[in-house]
Structure formats: structure tokens, C-alpha cells
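To start, the structure under review is shown below, and the notes come after it.
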Amino acid sequence: SFTADKTDGCGSYTVNFTNTSTALTGTNFQWDFGDGSAPSNAVSPSHTFLPRTDGKDTVYTVSLNILNNCQQRAPYTVDVTVRPDTPLVYIVPQQIVGCSPFTIAVDNFSPGNNQSYTYYLYDGSALVQKIVKTDKSEVRFDPVVTTKTKTYTLYMVATGYCGNTGQTNLIPITISVTDIIAQMFIEN
């Protein structure tokens with residue numbers, strides 16, 4: 001058996017393994033780190049795990065085998081999770097143009113998993129609404145009512161498990177008045 005000083009982290013990080021097997025001397029060990037790297041024969045090795053480049057979490061299964069054991073035993077395993085250093089974020093509003101009152105609906109296609117997703121809708125520098133979610137389900141803002149055509153700004157910030165954040169690009173949302181009323185003035 002063995003212990004790991006950490007089993008969950010962000011970005012590239014090194015894990016120190018402590019072999020807790022009953023006999024540490026005169027025994028041939030083989031460590032497989034689950035990431036395609038060369039196995040190690042050290043008693044208690046350290047290994048650096050790398051994150052994926054696509055923004056998704058990776059779980060590496062680390063196993064320890066005893067090569068010269070008189071009794072055949074299954075390897076002892078521990079999972080090590082590596083998360084992206086900075087979350088990759090991607091959202092798509094279902095419509096970017098509409099008429100007042102307009103409900104903005106947004107789909108979150110961000111890869112991987114994060115602690116939270118915070119959506120912001122601004123009218124210039126004024127915050128219209130902020131929505132915080134802990135999953136990637138659809139977001140619907142309260143209906144926006146305007147008396148003149150305006151362009152609002154939408155974006156999302158994801159907070160990863162290690163506290164790092166990633167932000168989407170600013171997305172313009174144009175909302176027009178519901179109807180135009182024709183008016184005529186007559187001077188006498």
C-alpha cells in the first residue's frame with residue numbers, strides 16, 4: 001500500500017508517494033503513474049502530473065505492484081485528479097438580437113468542471129443582472145425592458161477548483177423597442 005501527499009490539484013503538480021508496504025527492503029516495486037510515463041522502481045517516488053490542454057479534468061490511476069512477492073496480489077491503486085490551471089470558458093447566447101421585453105438565454109459549453117460560473121449582463125457600466133451557477137445548465141436572465149434600442153454586454157467568469165478564473169469574450173446583445181408608433185403633428 002501507499003499514501004500520496006495530494007490527490008487533487010490544478011496545473012502541473014508533483015505528488016510525493018510514501019510506500020507503506022510491510023516489507024520495504026529486499027522487495028522489488030513497480031509504480032505505474034497512469035499517464036503513459038515510464039514506470040518507476042523506487043521505494044517511495046515523486047512524480048509530476050500534467051494537465052490536459054483541452055480544459056478537461058484528468059484522473060490518473062497510480063498503481064503499485066510488488067514484483068517478487070511469494071503470494072500474488074492485485075496492485076494497490078490511488079486516483080490522482082489533475083485540473084486545468086486556468087478554466088477554459090465558452091458560452092453561446094441563444095439569440096443576440098431581440099425586442100423588449102427580451103429574455104436572454106445562455107448555454108454553457110465550457111469543457112471540464114469548475115466550482116462556479118458567474119454570468120454578467122451590463123448596460124454600459126451599469127450591472128443589470130448577475131447569475132451564479134455551480135453547474136453548466138442553461139441560464140435565463142430576467143426579461144430586459146427598454147424604451148430605446150440598446151446594446152448590452154454579456155460575459156461569464158468560471159472559477160476553477162484551485163481558485164483561478166477564466167473569462168469569456170464580451171458578447172454584445174442588441175435589444176430594440178417592441179413596436180414603433182407612427183406619430184404626426186399638424187400645425188394650424
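The values are calculated or read from the model by the stated rules, or taken from the named source; none is laboratory data. Quick caveat: nothing in here was measured; it's all calculated off a predicted structure. All Cβ positions, glycine included, derive from the backbone under ideal geometry; neighbour counts span all protein chains shown. Just the protein is used for accessible areas: all its heavy atoms, side chains included, with ligands, DNA and RNA removed. Shrake-Rupley method; radii C 1.70, N 1.55, O 1.52, S 1.80 Å.
Listing for the model above:
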quantity: Of all residues making up the stretch 137-161, the number that are at pLDDT 95 or above, farther than 19 Å from S176 by Cα and of a type outside the set (S, T, N, Q); calculated: 6
quantity: Residue tally, condition assigned to a strand (DSSP E or B) and either surrounded by 17 or more Cβ atoms within 10 Å (Cβ to Cβ) or hydroxyl-bearing (S, T, Y) (or both), over the stretch 134-163; calculated: 11
quantity: Hits in the stretch 2-26 (condition: under 14 Å from V78 (Cα atoms), within 32 Å of the chain's Cα centre (by Cα) and open to solvent by 50 Å² or more (accessible area, probe 1.4 Å)); calculated: T3, D5, K6, T7, D8, N16, T18
quantity: Of residues in the stretch 50-87 being touching a Gly at 6+ places or on another chain (Cβ under 7 Å), assigned to a strand (DSSP E or B) and not hydroxyl-bearing (S, T, Y), the one nearest to D8 (Cα to Cα); calculated: V82
quantity: Selection count where residues are over 30 Å from N28 (Cβ atoms) and either buried (at least 18 other Cβ atoms within 10 Å of the Cβ) or in contact with a Ser or Thr (Cβ under 6 Å, 6 or more places away or on another chain) (or both), scope the stretch 49-87; calculated: 7
quantity: Residue check, T18 touching an Asp or Glu at 6+ places or on another chain (Cβ under 9 Å), closer than 30 Å to M156 by Cα and outside any loop (DSSP other than H, G, I, E, B); calculated: no
